[in-house]
Amino acid sequence: MKKNPCKYIFVVGGVISGVGKGITTSSIGLILKNRGLSVTAIKIDPYINVDAGTMNPTEHGEVFVLSDRDETDQDMGNYERFLDINLTRINYMTTGRVYQSVIERERNLGYKGKCVQVVPHIPFEIIDRIKKAGENSNADVVVIEVGGTVGEYENILFLEAARMMKIQSPKDIFFVMVSYLPTPGKVGEMKTKPTQHAVRALNTSGIQPDILIARGETSLDEKRKEKLSLFCNMAADRIVSAPDVESVYDIPLNFEKEKFSEKLCSIMGVICKAPNKKSWDLWKNFAKHAHNNKNTIKIAMIGKYFKTGDFILSDSYLSVIEAIKYSSYAQGKKPIISWLDSVDFETNPAKLKELKKYDGIVVPGGFGARGVEGNLRVIRFARENKIPYFGLCYGMQMMAIEYARNVLGIKDATTREIEPKGKNCVIDILDEQKDNLKNHNYGGSMRLGGFKAVLKEGTVARAAYNKKEIDERHRHRYEVNPDYIPALEDNGLVFSGTSPDKRLMEISELPKSKHPFFLAAQFHPEFLARPLSPHPLFTAFIKACIKK
């Protein structure tokens, strides 16, 4: 049977950044998937960076790593989690990546001597990438999030590509605008004018939204819906109210209360199945745990990238936070996560005693010297006071250094990353990474993406996974130095996961006889945690926290 043409939904933002385009894109994908459609998602970031890997997490948020080694925006993680799919690098593009491809093609005579211009060749490249993503996944629908806000200079070329696609295939291209309706405190009334201007700005690009998502502190009333309908040139039933909610996992549920998927299917002219009740009930049951304020556990997250000016940016560790939630919800608990800066434990060691009130401690990934001594003090406190500890990537490296210093007695144990000439570098650079650092080749050059590991029988890790071989996503340049592995093992530290050739240590732990849960992974298990299928290591950690 001939497959219907692929449909493309562009999601754009109005009025302010951070309005929720990523979660809207993810939710659109989820509600359409629940109606039997095959869906994939694309993130377009307007910056010149080729990928997200070299950006400061306190400015940009988390770097999400795909299995095929691509370093991407954190919204790619949202797409994977909501849709329960694995995406590839073709699902992610930046201005830098698009220009790089066009310039490389020109240098290779790919344009056969033509004058290569910003328009139309850049939009053509964007269109090719969008269509390829749909073809690669054999999707019925491709949902494309255009980063930034309508009216910004940076995303003009992406909107131009979308306009060109609409001209070429008017029945297959659709637009959803997510715009903010403020309610100024002193005014006390939700204002529609900023969104009216945002729609007009989109109109100047030759695009009229098919659906308007009205974000705001409260639900949109009929009077303001009528006003938006009149001045934004669209039917009132195509304006969807999206008030603030306690959990992002409530958003798809709110969308369906307004029959959003039904409207989308009608607009796209596709015949959808009735919503899958079994799948939807599973999602509802999962989402309700976010409202469980009685059965809670306290988790301390010891981070390096929380502070940005006078504000806290928890998005630096978004996937870790969500992974903790999924495993907690599955155990009938709601995690109360405290974001603690590792530097504070350096300047004020007395704060360590406050960690006793937590059920578990997590030290997530990071780079550089900031907060190292604070992390080491926290890990020692967790080990000696039998508080469940879970280290991720950098958290495993810190765990090895702490153990070497305080159990093996190597007081100057350190990492080559912060002490290049250190005498006892328990953590050292991977051999294949030395030339990259020497030549300042930083972008996309770490040990990235999916790699296999083998688990040792009779360990905490093996019991958690309940299988011998695993495949996890990595993002690091440094590893446990092989020269110190025998001494660490002789003194009780167990390397329960290794690369298949046993060259690289992937998981370290203490036996349960010595500690209720003291485990760390060199990889990033959070990248594979999903709402309805929590990650086994996070679940093992949460179970230990509950017992405490």
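Any read-out appearing in this document is the output of simple, stated calculations on the displayed coordinates, not a laboratory observation. The model shown is predicted, which means the values in this text are computed figures rather than measured ones. Positions of Cβ are backbone-derived with ideal geometry, glycine not excepted, and every protein chain shown enters the neighbour counts.
Brief remarks on what is shown
- Residue exposure proxy: C115, C545, C232, ordered by other Cβ atoms within 10 angstrom of their Cβ from fewest to most, comes out as C115, C232, C545.
- Amide N proximity, the stretch 22-43 versus D84 label position 7 Å along Cα-to-Cβ, cut-off under 11 Å: 34
- With contacts taken as Cα pairs under 8 Å and at least 6 residues apart, the stretch 292-547 reaches a relative contact order of 21 percent.
- CD proxy at 222 nm, helix term only [per DSSP H run n ≥ 4: -39500 (n - 2.57); per residue of the chain; nearest 500]: -10500 deg cm²/dmol
- Among the lysines of the stretch 61-170, pairs that are 8 or more positions apart or on different chains and have alpha carbons within less than 23 Å of each other number 4.
- Residue-by-residue Karplus 3J(HN,Hα) for the stretch 281-298, coefficients 6.51, -1.76, 1.60, Hz, glycine and proline x: 5, 4, 5, 4, 5, 5, 5, 5, 5, 5, 9, 7, 9, 9, 8, 10, 10, 9
- Kirkwood estimate for the stretch 302-438, i.e. one over the average of 1/r between Cα atoms, Å: 16.1 Å
- At an R0 of 51 angstrom, the distance between the Cβ atoms of S169 and V407 translates into a FRET efficiency of 0.20.
- Cysteines in the chain that lack a partner Cβ within the 4.7 Å cut-off: C6, C115, C232, C393, C425, C545.
- Calculated on C-alpha atoms, the gyration radius of the chain divided by its Kirkwood radius gives an Rg/Rh of 0.99.
- Once the Cα atoms are used to define both axes, helix 193-203 deviates from the longest principal axis of the chain by about 80 degrees.
- Zone residues, the stretch 243-272, relative to K334, backbone N less than 12 Å from point 7 Å out along Cα-to-Cβ: 246-247
- Classification of the stretch 433-548 by its C-alpha gyration tensor yields an oblate form. The axis ratio a/c (a ≥ b ≥ c) is 1.5 or more, and b/c is at least a/b.
- Virtual spin-label span in nm between N254 and K502, 7 Å along Cα→Cβ: 5.5 nm
- Global geometry of the stretch 292-547, whether rounded, prolate or oblate, following the gyration tensor of its Cα atoms and the 1.5 cut on a/c: rounded
- Counting neighbouring beta carbons within 10 Å and listing from fewest to most, the residues H289, H121 come out as H121, H289.
- Residues L510, L493, arranged from fewest to most other Cβ atoms within 10 angstrom of their Cβ, appear as L510, L493.
- Scalar couplings 3J(HN,Hα) for the stretch 534-545, obtained by applying the Karplus form with A = 6.51, B = -1.76, C = 1.60 to θ = phi - 60°, are x, 6, x, 5, 5, 5, 4, 5, 5, 4, 5, 5 Hz; x denotes Gly and Pro.
- Averaging the Cα positions of each part gives two centres, and for the stretch 411-463 and the stretch 346-370 these lie 22 Å apart.
- Pairs of Lys residues in the stretch 407-481 are counted when their Cα atoms are under 28 angstrom apart and they lie 8 or more places apart or on different chains; the count is 13.
- Evaluated over the stretch 235-306, the count of Lys pairs having alpha-carbon atoms less than 23 Å apart is 19 (only pairs 8 or more residues apart or interchain).
- Extension gain, K423 back to D490 (0.36 nm per residue minus Cα-Cα distance, nm): 22.0 nm
- Calculated FRET efficiency for the pair E222/N136, C-beta based, R₀ 60 Å, to 0.05: 0.90
- Net charge contributed by nearby residues that have their C-beta within less than 15 Å of M190 (K/R +1, D/E -1): +2
- Separation in nanometres of the label points that stand 7 Å from Cα toward Cβ, at V454 and E262: 5.7 nm
- Oblate is the label for the stretch 1-121, because the ratio a/c of its alpha-carbon gyration tensor axes (a ≥ b ≥ c) is 1.5 or higher and a/b is not greater than b/c.
- Taking 0.36 nm per residue of separation and subtracting the Cα-Cα distance, full extension of the segment from V118 to F231 would add 37.4 nm.
- Label point 7 Å beyond Cα of K547 along Cβ direction - residues of the stretch 361-380 with amide nitrogen under 17 Å: 361
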